[in-house]
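Here is the structure we will look at, set down as C-alpha cells.
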Ligand code: ADP
C-alpha cells in the first residue's frame, strides 16, 4: 500500500520547542517566587511570635510585682500563705520566661543567662531578707523573755550566773539537690540553665540558738548588767535594721533591674517588631507587584499557549484529514493498479497461452535441427515473458496485501522431485551439475501451498543456475519434526559455485528491484529484480524466514525455513501423483464439452484433446454451451469464463441446477487467464470443480481432466 506522508514544516518543530521552553521558564519563575513567598511566611510567623512575646513580658512584670508584694507581706505579717503565693509567682515567672522566644539576635544570646542570674540573685536576697526579718522579730520576742528572767533574778539574793538561751525558728528558702523535691525556684533555674540536675529551693525550718550569759552580783550590779544588755541588744537591733534596709534596697534594686531588663527587652522587641513590620510591608508590596506582573505575564503566556495548542490541534486535524484523503487515494490507486495489472496479465496470458501451447505441440513433432532451435527460442522467450508477467502480478499482490495462500495436502518429496527434474534440464543446458541433496521421507504429506513452495525453490535454483558459470548447484532439503507433533519445519538450501554477491550488496538483496551490477554484466542477465523480494514475502507471510551468505568469486548460499503442517495421506493426494499411463486410461474415450470463444485456444485445446483420444464438442459462446449440454451427455465440461452471451459462471449455474442428477454433478473445469486468488475462490464457490490457468501446458490440462474424472467416478460410485 502506498502511504502519503506530508513533511511537518520546520516552524512546527520550532513551535513545539518554544512551547517546552516557555513551560520550563514559567516553572523556574514560579519556583523563584515560591522561595520569596516562603520568606514572607517566615516574616509573618516571626511577627506573630513577637506579639506573643510582648504579652508574655507584660505578664512577667506583673508576676514580679506580685512576688515582691507577697515577700514583703510575708515578712510583715509572717503569714505563710504569702510565702506560698511568692513561690507560685516565682514559678509563674519561670514558666513565662521559658515561653518567650528571643527573636532579636543580641537578646537571644544573652537574655536567658541574664534573667537567670537576676532571678537567682533576687531569690537569694529575698531569702536572706526574710531570714533576717524573722531573726529580728525573734530577738525582740526573746528580749521580752529576758525581761521576765531578769525580774526573777532581781528577786534572788545570792550571786548567780544566769544563762539565757533562746531558740529562734525561721522559715528559710534553701537550695537543695534532692531531685524529687524540685520546687518553684529550681524550675526557674532549670528552665534557664536547661540542665537535668538542678538545685531546688526548699522551705526549711532553721533553728538559730542564741545564748546570753549574765552574772547576778547583787541588785545594783544587776541594773547595770541589764542596761548593758539592752544597750547591746539595741546596737544589734540597729545593726540588723541597717542590714535589713540594705537588703531591702538591694532587693528593690534587683526587682527594678529585672523589670528594667524586661522593659528594655520589650522595647528592643517592639523595635524589632516595628522593623519587621516595615520589612513585611515592603515584602508584601514587592510580592504583590510581582504577583501582578506574573499574573499578567501568565495570562498572556496562557493565551499564547492556548493559541499555539489550538493552532497545532487544527494543523494536526488538517494533516490527518489530508493523510486519510491521500491514503484513500493511494489505496484506490493501488487497487486500480492491481486491477490494471490483473487485466493486463489476463490479456497477455491469453495470447501467451497460444504461443507456449503451440510451441510445445510443435516441439513434440519431427523437426529439422534449425526448426527445433527456432521453436526452443519461441518457447524460452514466451516462458520468460510469462515469468515477467507473473512477477509483476505477484509484486502487485503483496503490495496491495492481497497475496493469499492455498491450504491443500500435497506430497512434499514429490513437489521437490518436480522442481529438481525441471530445473535439471536448465542446469544441463548450461553444463552445470545440479546436485540432489534432498533428504525427505517419501511418505510425508503436508498441508500448505505447493505452488508457492515450488515457486520459491525454482526462483532460487533459477538464480543459482543463472549466476553460476561453472561448477555446481546443490539443492538441499531436510525436515525437522517435534515429537508427537504435526508441526514440521522444512529447511531448504540452494548453494552454488557462482559469481557470489558483494558484502555491500548483501543487505539489499531481498529489496524490490535490487540487482548486482557485476553479476548483471558477467551474465548479461536482465531481470526485474523482483524475484528474491517475492520469495522473501512468500516465506515470511507463511511464518518462515530466508537468508543469504555469499563470497564474491566463491558462490552463494540461499536458505529458508518454512513451517508446515503434517497431514493424513488421502485419495486426493495420491491422485496428484498420476503417471502418464494412468492419466491416459482415465481420459481415453471420454466425452468433453469445450466452451471457448478464442479460436486459437480452441485450436490448441482440441489438438491436445485429440492427442489424448478424448471426444469433444466445441461451443464458441455460453448459449451454445448450454444448448449442447442439454442435448448431449458429457463426462466433463471445460469452459472459459469470459464468453459472449453467457459467461462460464452462468453456464455453471445452469448445469448445477439441472434436474438430472448425473448432469448436475458433471465435473466443470474453468479455463481462465484470471490468476487472482479471489477469482479462483469465486469459481470454486459457484460450483466449478477446479481451475486450469492459462497459459497451460499439455500435461497441466490432461492431469486436471484426469483428476476431475477420477474424483467424479468415485463420487458417483459413492452415491449409487
Ligand atoms: P532478478 O533475477 O530478476 O534480477 P532477483 O530478485 O531474483 O531478481 O535477484 C536480484 C539480484 O540478486 C540479481 O539480479 C543478482 O544480481 C543477484 N543474485 C540473485 N541470486 C544470485 C546468485 N545465486 N548468485 C549471484 N547473484 C545473485
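Summary of computed values
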quantity	calculated
All positions within the stretch 512-551 that are assigned to a loop (DSSP other than H, G, I, E, B), within 11 Å of the ligand (Cβ to nearest atom) and modelled with pLDDT of 90 or more	none
Filter pass, residue 430 being within 16 Å of the ligand (Cβ to nearest atom), modelled with pLDDT under 90, over 25 Å from residue 394 (Cα atoms) and out of contact with any strand residue (DSSP E or B) (no Cβ under 8 Å at 6 or more places or on another chain)	yes
Candidate set from the stretch 552-593 (those that are within 29 Å of residue 486 (Cβ to Cβ) and modelled with pLDDT of 90 or more); member that is surrounded by the most Cβ atoms within 10 Å (Cβ to Cβ)	558
Among residues of the stretch 498-511, those that are in a loop (DSSP other than H, G, I, E, B) and buried (at least 16 other Cβ atoms within 10 Å of the Cβ), counted	7
Hits in the stretch 495-511 (condition: within 8 Å of the ligand (Cβ to nearest atom), on the phi < 0 side of the Ramachandran plot and within 48 Å of the chain's Cα centre (by Cα))	501, 505, 509, 510
Options 637, 602: the member that is away from the ligand (no atom under 16 Å from the Cβ), more than 53 Å from the chain's Cα centre (by Cα), under 28 Å from residue 404 (Cα atoms) and at pLDDT 90 or above	637
Subset tally (residues that are surrounded by fewer than 22 Cβ atoms within 10 Å (Cβ to Cβ), within 16 Å of the ligand (Cβ to nearest atom) and not in a loop (DSSP other than H, G, I, E, B)) for the stretch 458-494	9
Scope the stretch 423-454; condition closer than 22 Å to residue 548 by Cα, within 49 Å of the chain's Cα centre (by Cα) and buried (at least 19 other Cβ atoms within 10 Å of the Cβ); matching residues	452, 453
Listing of strands (runs of 3 or more DSSP E) fully contained in the stretch 591-679 that carry 3 or more residues being more than 28 Å from residue 394 (Cα to Cα)	591-595, 615-619
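Yes/no matrix, rows are residues, columns are (1) modelled with pLDDT of 85 or more; (2) under 48 Å from the mean Cα position of the chain (by Cα); (3) not in a helix (DSSP H, G or I):
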site	(1), (2), (3)
331	no, yes, no
335	no, yes, no
342	no, yes, no
354	yes, no, no
396	no, yes, no
402	no, yes, yes
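The values are calculated or read from the model by the stated rules, or taken from the named source; none is laboratory data. These numbers come from a predicted model, not from an experiment. Every residue, glycine as well, gets a Cβ built from its backbone with ideal geometry; the counts of neighbours run over all protein chains shown.
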